[in-house]
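*Asks:* A single structure is presented below for examination.
The values are calculated or read from the model by the stated rules, or taken from the named source; none is laboratory data. Note that this is a predicted model, so its numbers are computed, not measured. Because the Cβ atoms are built from the backbone with ideal geometry, glycine has one as well, and the counts that use them run over all protein chains shown. For the accessible areas, the whole protein counts, side chains as well, though only heavy atoms, and no ligand, DNA or RNA atoms are used. Shrake-Rupley method; radii C 1.70, N 1.55, O 1.52, S 1.80 Å.
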Amino acid sequence: MGGRQWGEAIAGYVFLLPYLVLLAVFVGWPIGYALWLSFHSYDLFSAPRWVGIENYRFLLNEPDFRIALRNTTLYTLVVVSCQTALALFLAVLMDRRIRGKDLFRVTLFLPSVTSSVAISLIFLFIFFKNGVLNQLLAILHLDRLLAWLGLSVPVDWLGDVHTALGAIMAQNVWSTAGFFMVVFLAGLQDIPEALYEAARLDGAGTWAQFRHVTLPLLKPTTFYVATVGLIGCFQVFDQVFIMTSGGPLKSTLTIAYLLYQEAFMNFNMGYACAIAFVLATLIFGCTMLQRRLLGD
Amino acid sequence: MARAKTLFFYLVLVACALASVFPFAFALFTSFKAPSEAFSFGAWPAALTFENYHEVLRTTPLFLRWVLNSLAVAVVTVALLLLLSLMGGFSLARIAFPGRKTLFLILLASMMIPNQVLWIPNYTTLSRLGWVNTYWGLVPGLVATLSTGTFLVAQFLRALPIEIEEAATLDGLSRYGMFWRLIVPLTGPVAATVTITSFMASWNAFAWPLIVLNSPELFTLPVGLNFFKGLYVTRWTLIMAGSMFNTLPVLVVFALFQRHFIKGVATTGLKE
């Protein structure tokens, strides 16, 4: 390398250095340390003690972990499919000449910029026994349907084991669909109009155009939406913490919430690290699986 | 037929838009209601009262402090993240140096690591640094946002033509001069995106501040609100008024910059 190239390289590193230092100290090193800790018993006060794979073995037999794993998986499956479908539906609706397009876009996007804590408090009020949701359902006479389904009316949405997880799911779909709609809209704008014209010449109706042009060409976007959605859902914490604390009867206990409890309430740091690695592996595994399925 | 279709189509959109806004509107109206009115379904309060806001500030002396804490943390966070993202993005996009490709891949990978993996080791690092229960302790929680910002800036700068730099070099600017005099002014749109994403992330952050902060006077607003909820379990008009302190500033920022924000979302991770 000549002097000028050296100057270039040094400038490159100088500009990147602060970022790299933060990344190394707060992301790189922690991953290694967390892995190391997951093979130890550590309560934060005495020195870590080597226990081998004991934490992982314990975790596989722990009822709470199984419950959390089941809840989190169910939550992720339902929320990711609903929010992706809803976002795609809204994007297709919006992807044509309509009046007030910007206003609709901003309105639908609104929930995704708001604090999860404020939203959780608001929904706590909406879902509550004397809350607006039950009043609305009573006006629409849907409360009879709920009673027929075996729920005690008015439903204590967040306090009933049958509905608490579903209520948090609904809240999450509500708050993220608009965000993903914008991503889908960007994807839709990249599809050349000529392809639709060609399809119409071949006699394709609206549904056939959607099925054979829109969907296949949106594959990379769908992969992105499903992956980002999945990573977010697997980590669900704030809503559970504020709205249900994992209850009632652990029906909303999620992996992230269990991890928080074990680490910062029971001080089982090593065990919590093992939980974190199972979570990270799950997220990584599912992302790879999606890549296979939606392959780009 | 076509008319009925259009009508139906608008009905669906309006219904979805209403569903998006309803919870905020409902919370806002409730915050202006007298406590006795809290459970009445009619959204509009019978008599508009600021009593709830007044009472939040009067009965929770730290409330204003939490708002100011959040504001101060957000300002510092935005400034720091913006500067570091612009620097990092400039380096990765426009300067050739050995290892650049690898570093870019590391950046991408760091955006995909679940926060929970970092909670415990970062907490132990902080306790060694003596940063637990300090504002400095909030720094590690920001790194994920920093990676996203750096990535966005890099993608933006890559799209710029090389000629601008050649002209600057001919004018005798070094890489450092170029950064301040050429790159920073050019990055307006992407800088706006990074500014709002990092503001939102900092203003709304809950889990990490909850872990790091334990003195009430250091709480940021979301952590304070959780504490506040515990104090007024059943006084919904107060809780709604409290949550408005967290919601309204974001809505104002969003209203001002929504174009940049929506554009940033639309382009993240989609091109290349």
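*Asks:* Of all residues in the range B:167-183, which are part of a helix (DSSP H, G or I) and either β-branched (Val, Ile, Thr) or over 13 Å from A:Ala11 (Cα atoms) (or both)?
*Replies:* Hits for the range B:167-183 are B:Ala167, B:Ala168, B:Thr169, B:Leu170, B:Trp180, B:Arg181, B:Leu182, B:Ile183.
*Asks:* To continue, here is another question. Have a look at A:Trp36, A:Trp50 and point out the one that is open to solvent by 60 Å² or more (accessible area, probe 1.4 Å) and more than 14 Å from every other protein chain (Cβ to nearest Cβ).
*Replies:* Going through A:Trp36, A:Trp50 in turn, the sole match is A:Trp50.
*Asks:* Pairs under 6 Å by beta carbon, first residue buried (at least 16 other Cβ atoms within 10 Å of the Cβ) in the range A:208-227, partner of a type in the set (Asp, Glu), six or more apart or different chains?
*Replies:* A:Phe223/A:Asp296
*Asks:* Residue by residue through the range A:238-254, note down the ones that are touching a residue at least 40 places away in the same chain (Cβ under 8 Å), surrounded by fewer than 21 Cβ atoms within 10 Å (Cβ to Cβ) and either within 11 Å of chain B (Cβ to nearest Cβ) or closer than 18 Å to A:Ile275 by Cβ (or both).
*Replies:* Within the range A:238-254, A:Lys250 is the sole residue that qualifies.
*Asks:* List the number of the failed condition for B:Leu160; all other conditions in (1) surrounded by fewer than 20 Cβ atoms within 10 Å (Cβ to Cβ); (2) within 7 Å of chain A (Cβ to nearest Cβ) hold.
*Replies:* Going through (1) surrounded by fewer than 20 Cβ atoms within 10 Å (Cβ to Cβ); (2) within 7 Å of chain A (Cβ to nearest Cβ) one by one, B:Leu160 breaks only (2).
*Asks:* For the range A:258-274, name all the residues that are open to solvent by 10 Å² or more (accessible area, probe 1.4 Å) and either facing another protein chain (nearest Cβ under 10 Å) or touching a helix residue (DSSP H, G or I) at 6+ places or on another chain (Cβ under 7 Å) (or both).
*Replies:* A:Tyr260, A:Glu262, A:Phe264, A:Asn268, A:Tyr271
*Asks:* Looking at B:Phe97, is it facing another protein chain (nearest Cβ under 9 Å), open to solvent by less than 30 Å² (accessible area, probe 1.4 Å) and not in a helix (DSSP H, G or I)?
*Replies:* yes
*Asks:* Next up: Looking at A:Phe58, A:Phe89, A:Phe104, can you tell me which residue is part of a helix (DSSP H, G or I), within 14 Å of chain B (Cβ to nearest Cβ), more than 18 Å from the chain's Cα centre (by Cα) and surrounded by fewer than 16 Cβ atoms within 10 Å (Cβ to Cβ)?
*Replies:* A:Phe89
*Asks:* Which condition breaks for A:Ser81 when tested against (1) in contact with an Asp or Glu (Cβ under 9 Å, 6 or more places away or on another chain); (2) surrounded by fewer than 23 Cβ atoms within 10 Å (Cβ to Cβ)?
*Replies:* (1)
*Asks:* Give the residue that is most open to solvent (accessible area, probe 1.4 Å), with candidates limited to residues of the range B:184-231 that are more than 19 Å from the chain's Cα centre (by Cα) and closer than 30 Å to A:Gly12 by Cβ.
*Replies:* Top of the filtered list is B:Pro185.
*Asks:* Next question. I'd like to know if the range A:133-141 contains one or more residues that are outside any helix (DSSP H, G or I), away from chain B (no Cβ under 11 Å) and either in contact with a strand residue (DSSP E or B) (Cβ under 6 Å, 6 or more places away or on another chain) or open to solvent by 10 Å² or more (accessible area, probe 1.4 Å) (or both).
*Replies:* yes
*Asks:* Among the candidates B:Val132, B:Val139, B:Val143, B:Val223, single out the residue that is under 28 Å from A:Met265 (Cα atoms) and in a loop (DSSP other than H, G, I, E, B).
*Replies:* Just one listed residue meets the conditions, B:Val132.
*Asks:* Cβ-Cβ below 7 Å, separation at least six or inter-chain, first residue in the range A:114-125 and closer than 16 Å to B:Phe254 by Cα, second at pLDDT below 90 and of a type in the set (A, V, I, L, M): which pairs?
*Replies:* A:Thr114/B:Val250; A:Ser115/B:Val250
*Asks:* If the requirement is being under 25 Å from A:Val278 (Cα atoms), within 11 Å of chain B (Cβ to nearest Cβ) and open to solvent by 20 Å² or more (accessible area, probe 1.4 Å), which of these qualifies: A:Gln189, A:Gln235?
*Replies:* A:Gln235
*Asks:* For the range B:78-94, name all the residues that are open to solvent by 10 Å² or more (accessible area, probe 1.4 Å) and under 21 Å from B:Val250 (Cβ atoms).
*Replies:* Residues satisfying the conditions are B:Val78, B:Ala79, B:Leu80, B:Leu82.
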